[in-house]
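The values are calculated or read from the model by the stated rules, or taken from the named source; none is laboratory data. All of these numbers come straight from a predicted model, not from anything done at the bench. All Cβ positions, even for glycine, are placed from backbone atoms using ideal geometry, and neighbour counts span all protein chains on display. These area figures cover heavy atoms from the full protein model, side chains too; ligands, DNA and RNA do not enter into them. Shrake-Rupley method; radii C 1.70, N 1.55, O 1.52, S 1.80 Å.
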Amino acid sequence: MSAGLRALELAAQVPPESTQQAVGYPSLFLLVVIGALVPVVPTGALVSSAAVVAFHHSAPLSLLFVFLVASSAAFLGDVGLYCLGQRGLRSKNGSRWLRALRDRAPEERLAQAQEKLDAHGVTVLVLSRLVPAGRIPVMLACLLAKLPLRRFVRGNAPACLAWAATYQVIGVLGGSLFPEPWQGVVAAVGLTLLVGVAPAVWRRVFR
């Protein structure tokens, strides 16, 4: 009985920040993985928001943890989606994952991605992660070119690191402009969504 009371006392002494981190990092990891597999979750906004919170907590390792969690989750999600796409190519009837990739890669963007892949190899994966809506066409181009998983992984690893660092910088900038974390989160999310929407609006207006 005394041991149980002692455990409750120790749990009550855990600072709220530690509790938030214990919940926040796994949640960030899970959401980024899901966002990589199902490209409808704004994963960039999630990373920027987490960076804002980490910045305001002023914990030395918080930003590093956000970077490691986000980049590893994006990498795992990308590799998982690529493996599912490869299975669809090998299957006689394809798969819903491969169809989803094709639906999200317009012919014009796919043709551009194939040209860049032929010219620059897997290094194009780094840029595809940073350009809004560029990841799926390049991934589909890699699948159609039957790029081995090992080569895809070699190019995708630095791409995920660069992606996580970019959106973390956006979050830190948003957090540094405002005194309250929620204000920084709103600014970071707004900037992230603007970066994502602007190229599509630009192409539509000039088309």
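Consider segment 25-49 and keep the residues that are open to solvent by less than 50 Å² (accessible area, probe 1.4 Å) and modelled with pLDDT under 75. The one that is nearest to ARG104 (Cα to Cα) is PRO39. Among the residues of segment 50-80, those that are out of contact with any helix residue (DSSP H, G or I) (no Cβ under 7 Å at 6 or more places or on another chain), assigned to a helix (DSSP H, G or I) and open to solvent by 60 Å² or more (accessible area, probe 1.4 Å) comprise LEU64, LEU68.
Listed by first and then second residue, the pairs with beta-carbon distance under 9 Å, at least 6 apart or on different chains, first residue in segment 99-114 and in contact (Cβ under 8 Å) with a residue 12 or more places away in the chain, second part of a helix (DSSP H, G or I) and open to solvent by 80 Å² or more (accessible area, probe 1.4 Å), are LEU110/ARG102. Of the numbered conditions (1) within 16 Å of MET139 (Cα to Cα); (2) modelled with pLDDT under 80, PRO60 fails exactly one; give the number of that condition. The single condition PRO60 does not satisfy is (1).
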